[in-house]
1. List every residue whose amide H lies under 5 Å from the amide H of Lys159, counting only residues 5 or more places away in sequence or on a different chain, with H placed 1.01 Å from N in the peptide plane.
2. Compute the long axis of helix 8-22 from its Cα atoms, compare it with the longest principal axis of the Cα atoms of the chain, and write down the angle in degrees, 0 to 90, nearest 10.
3. For Met82, what is the net charge nearby, where nearby means another residue's Cβ is under 15 Å from its Cβ and Lys, Arg count +1, Asp, Glu -1?
4. If I take R0 = 30 Å and measure r between the Cβ atoms of Val50 and Asp13 in this structure, what FRET efficiency does the formula 1/(1 + (r/R0)^6) give, to the nearest 0.05?
5. Quick check: net charge around Ser116, other residues with Cβ under 14 Å of its Cβ, Lys/Arg +1 and Asp/Glu -1?
6. Using Cα-Cα distances under 8 Å and only pairs 6 or more residues apart, what relative contact order does the range 118-174 have, in percent?
7. From the phi of every residue in the range 58-66, what ³J(HN,Hα) in whole Hz does the Karplus formula 6.51 cos²θ - 1.76 cosθ + 1.60 yield, where θ is phi - 60° and glycine or proline is x?
8. What percent do you get for the relative contact order of the chain when only Cα pairs under 8 Å and 6+ apart count?
Amino acid sequence: MVDNFPNPSLIYDDIWRNLARGSSDPKSEYRWMNLSSSLEHEGSSVRTVVLRETLKDELILRFHSDRRAQKVIQIENCSFVMAHFHDRKRGIQIRMTGNALFASQSVHHEAWSKLSKRQRELYQSNQVPGDPRKKVRACSKEREETDKNFCVIEISVTKIDWLSLDRDAHLRAIFQCDTNSIKAEWITP
Ligand SMILES: Cc1cc2nc3c(=O)[nH]c(=O)nc-3n(C[C@H](O)[C@H](O)[C@H](O)COP(=O)(O)O)c2cc1C
């Protein structure tokens with residue numbers, strides 16, 4: 001049995017270290033982020049996105065999307081989102097609450113410049129994500145390569161809910177990040 005709580009700052013550092021690995025290692029448990037957003041009168045939607053970048057000091061998570069996707073429309077209406085991660089190997093769940101917004105032009109251009117030709121092609125279709133489709137492959141494409149349908153969304157994290165289910169003890173901590181210093185609190189799992 002664990003009698004004393006572990007040091008929350010070690011857990012906090014571990015969270016961001018794993019997220020940083022997730023944004024660069026396709027084999028990491030943190031590579032895929034479940035993102036929840038919502039629209040008034042329609043409720044919330046959840047989908048998987050690839051975690052592209054993590055900035056611990058700025059408390060930022062970044063992912064890519066088609067600008068015309070439902071999630072972007074939802075975020076434009078209500079910026080409050082939640083990012084969910086499940087580390088199955090270690091029995092850890094992380095829920096990060098935050099505000100989502102378009103990344104700056106410089107971040108956008110840098111991300112676009114790093115995409116492969118194939119990745120860029122995903123953003124060239126004239127067909128809008130979610131629209132009905134009659135053929136497997138999109139047929140109408142932009143004549144010239146354009147990044148107008150591509151966007152980088154960044155989540156500014158305000159709160160982290162960390163849960164660890166372990167044989168010895170179940171632990172749950174809340175990290176409030178919307179103040180100057182990070183405030184950690186243990187709560188009942
Ligand atoms: C493994 C996996 C990774 C995905 N990565 C992304 C991603 O990085 N960005 C994205 O917009 N959609 C990604 N998707 C697709 C989304 O889950 C979702 O189906 C799509 O973006 C439309 O969602 P929306 O209509 O809620 O906007 C991914 C799906 C899977 C299965």
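Only the coordinates and a few stated rules stand behind these numbers; no lab work does. Keep in mind it's a predicted model, so treat the numbers as computed, not measured. So basically every Cβ, Gly included, is an ideal-geometry build from the backbone, and we count neighbours across all protein chains shown.
1. Hits under the 5 Å cutoff: Thr97, Cys177.
2. 30
3. Local net charge: +1.
4. Taking R0 as 30 Å, the efficiency between Val50 and Asp13 is 0.80.
5. Result for the neighbourhood of Ser116: +2.
6. 27
7. Along the range 58-66, the couplings run 8, 6, 10, 10, 10, 9, 9, 8, 6 Hz.
8. Across the chain, relative contact order equals 20 percent.
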